[in-house]
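Undergrad: One structure, as structure tokens, below. Some questions next.
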Amino acid sequence: MQTKIILATALLLLALIETASATTYYLDAVNGNDSYPGTSDQPWKNLSKAQENAKEGDTVFLKTGNYGSFTDYKNRTGWVTYKAAPDHTPVLTYIRLGTYPNTYNVYLQFEGITVTPGDDNNRAVQAYKSNYIKLIDMTFIGPGYEETNQSAASWLYHSNNVTIDNCRIYGKNGGPESSFRYGIYGRSRDDGVE
């Protein structure tokens, strides 16, 4: 019995230490500066600065602005969250997770961010062999539907433990009918069977 109490206490202390070590960072694509400490009053400017510094358990708040593309292929054991700051509307042009041929446990959560692919890309989110992804309250604005293109709001290859919750898909011309060829495209086999 005493061993169980000691073990439970040790696990509780470990959880408290992990929670206490979580850091909150801020980005401002318009007024930020990468020489700043990444706080609410002195935010970083570039997404790459946050990606270099954010660790498991951390949250990065994005203020209004366009941050370009987000690419990640790191293995983690805990979540890193990229989230719109309250009353702000950040934009990404692309989220790409994973790269051939490896499998990654990326543990990334994106929340409240708009993704509008540029002219050089027709997918908002592309995950290749990337596990543990959460897309929460996101808005995907597509390049326009064309029968011949492979556009997708979320394009998932061999990816597991993916949560997509309360996301909106629109087209540049305003309606869902002008958005993407696929809303969510998933593929789990290499033999052409979907």
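The values are calculated or read from the model by the stated rules, or taken from the named source; none is laboratory data. Please read these numbers as outputs of a predicted model, since none were measured by experiment. Every residue, glycine as well, gets a Cβ built from its backbone with ideal geometry; the counts of neighbours run over all protein chains shown. Just the protein is used for accessible areas: all its heavy atoms, side chains included, with ligands, DNA and RNA removed. Shrake-Rupley method; radii C 1.70, N 1.55, O 1.52, S 1.80 Å.
Undergrad: What number comes out for accessible area per residue over segment 36-149 if the probe is 1.4 Å? Units Å², please.
TA: Working: 5090 Å² over 114 residues.
Heavy-atom SASA per residue in segment 36-149 reads 45 Å².
Undergrad: If you build the Cα gyration tensor of segment 37-131 and take the root of 5 times each eigenvalue, what three semi-axes come out, in whole angstrom, biggest first? Show your work: numbers first, answer last.
TA: Working: eigenvalues 90, 61, 22 Å².
For segment 37-131, the semi-axes come out at 21, 17, 10 Å.
Undergrad: Also, quick follow-up: Under a point-charge model restricted to the Cβ atoms of Lys and Arg (+1) and Asp and Glu (-1), what is the dipole moment magnitude of segment 47-98 relative to its Cα centre, in debye to the nearest 20?
TA: Here the size comes out at about 80 debye.
Undergrad: Could you list the trypsin sites (Lys or Arg not before Pro) in segment 45-93 that lie in coil according to DSSP, counting only those with at most 11 other Cβ atoms within 10 Å of their Cβ?
TA: On the way: sites: 45, 49, 55, 63, 74, 76, 83; in loops: 45, 55, 63, 74, 76.
For trypsin sites (Lys or Arg not before Pro) across segment 45-93 that sit outside H, G, I, E and B with at most 11 neighbouring Cβ atoms in 10 Å, the list reads 55.
Undergrad: Quick one: if you stick a label point 7 Å off each Cα along the C-beta vector at residue 166 and residue 103, how many nm between them?
TA: Label at residue 166, label at residue 103, 3.2 nm between them.
Undergrad: Longer than 18 Å from Cα to Cα, which of 45/83; 45/74; 63/129 are they? Say none if no pair is.
TA: The pairs that break the limit, which is 18 Å between Cα atoms, are 45/74; 63/129.
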